[in-house]
Amino acid sequence: MSDVLDIIKKIGEKETDIQEFISPIFFNEFVTTKIYGIIYKFKISQNVPGWYKIKPTDKFKAKTIRKAKLQEIESYLKCLKKIRLTLVMKKNNIYLAIPEKSNNLGFSIEQMLPIYLFDDTVMDFDKVICRYDGLSLWYHQIDQSNDFSKPTYLREQLLKSNNPENLKFSGLTIEEKIAYTLKLSIDKNFVINRKKEKLKQDVEYAGGKFIKFIEKNDYFIVTYDVDGQIYESTVNKNEHHSVITAGICLSGKDNKYDLKSLITVMREGQNERKIYRL
């Protein structure tokens with residue numbers, strides 16, 4: 001019984017000893033610290049991402065005093081478990097990355113993990129060292145043991161949209177290949193969606209209804225609806241999507257129109273019963 005009372009007494013003494021501590025903040029409302037094996041949780045008003053020195057104001061609340069120094073951040077991170085990851089892409093204020101296959105934290109290489117408070121100098125496909133606190137991954141440093149020519153090569157191939165099976169660089173890891181494949185797929189989908197959105201805007205500008213598009217090397221084939229009538233037109237890939245073939249007879253004047261103005265012509269032709277299909 002006396003041992004239990006001694007422990008309770010020591011815990012009480014340690015609570016009064018809670019002074020300042022270092023903590024990362026990433027839009028969170030609470031910060032935690034560990035004293036005498038016990039986790040203490042404090043509500044914090046500061047939620048701007050960064051590393052801070054924090055001081056409790058009572059048993060439930062704390063405030064930031066200043067930004068943490070590099071040595072303080074380093075000491076904090078070294079207390080956490082280490083893991084290596086390959087960066088894939090930035091998304092808002094986080095970096096998504098593929099964990100090393102041999103990690104001992106149970107993470108699968110089939111999932112992208114969010115990394116917080118990363119260095120602004122890191123780039124896609126860099127291999128980095130992060131620290132895991134049981135909930136979040138905090139950026140620590142670039143992995144100096146990695147061959148820096150590999151991420152450079154992958155970034156160059158990405159600009160060319162080179163298929164993953166065509167990558168030729170000795171020593172590429174499975175994590176780097178997965179990271180490249182994911183980023184290429186995401187980028188391609190983004191570009192396709194951007195093209196689709198622009199074509200859709202042009203069609204809908206004059207009240208048409210976009211249905212689909214097919215991309216060829218030098219042009220788009222666009223299918224759309226104008227007041228219940230379905231049309232298919234071929235347009236250039238330039239900014240205004242100038243018409244190559246309208247899909248109706250325009251007496252050889254197709255190239256005088258762009259996709260926006262063509263919809264108006266279609267509607268007027270329908271209303272005046274002057275539409276002749278090609």
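The values are calculated or read from the model by the stated rules, or taken from the named source; none is laboratory data. Here the structure is a predicted model, which is why all the values come from computation and not from measurement. Cβ placement follows ideal geometry from the backbone for every residue including glycine, while neighbour counts extend to all protein chains displayed.
Considering segment 259-278, the residues that are in contact with an Asp or Glu (Cβ under 9 Å, 6 or more places away or on another chain) and assigned to a helix (DSSP H, G or I) include one that is modelled with the lowest pLDDT, namely N271. The set of residues from segment 202-213 being under 19 Å from H240 (Cβ atoms) and part of a strand (DSSP E or B) comprises F210, F213. Of the residues N103, N92, the single one that is modelled with pLDDT under 95, under 16 Å from the mean Cα position of the chain (by Cα) and not assigned by TED's automatic domain parsing to the domain that holds F30 is N92. Checking each residue in segment 71-95 for being of a type outside the set (A, V, I, L, M, F, W, C) and part of a helix (DSSP H, G or I) picks out Q71, E72, E74, S75, Y76. Being out of contact with any strand residue (DSSP E or B) (no Cβ under 8 Å at 6 or more places or on another chain), over 19 Å from Y116 (Cα atoms), surrounded by fewer than 15 Cβ atoms within 10 Å (Cβ to Cβ) and of a type in the set (V, I, T) is a property that does not hold for I65. Looking only at segment 236-258, residues that are surrounded by 17 or more Cβ atoms within 10 Å (Cβ to Cβ), aliphatic (A, V, I, L, M) and modelled with pLDDT of 85 or more come to 1 in all. The set of residues in segment 113-156 that are assigned to a strand (DSSP E or B) and either among the hydrophobic types (A, V, I, L, M, F, W, C) or within 17 Å of I178 (Cα to Cα) (or both) comprises L113, P114, I115, K127, V128, I129, C130, L137, W138, I142.
Just one residue in the set E176, E165 is on the phi < 0 side of the Ramachandran plot and either of a type in the set (G, A, S) or surrounded by 15 or more Cβ atoms within 10 Å (Cβ to Cβ) (or both); that residue is E176.
Yes/no matrix, rows are residues, columns are (1) touching a helix residue (DSSP H, G or I) at 6+ places or on another chain (Cβ under 7 Å); (2) within 18 Å of D126 (Cα to Cα); (3) of a type in the set (A, V, I, L, M, F, W, C):
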site: S149; (1), (2), (3): no, yes, no
site: T152; (1), (2), (3): no, yes, no
site: P164; (1), (2), (3): yes, yes, no
site: K168; (1), (2), (3): no, yes, no
site: N189; (1), (2), (3): no, no, no
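Taken over segment 217-248, the criterion of being assigned to a loop (DSSP other than H, G, I, E, B) and either within 16 Å of E268 (Cβ to Cβ) or polar (S, T, N, Q) (or both) is satisfied by N217, D227, G228, N238, A246, G247.
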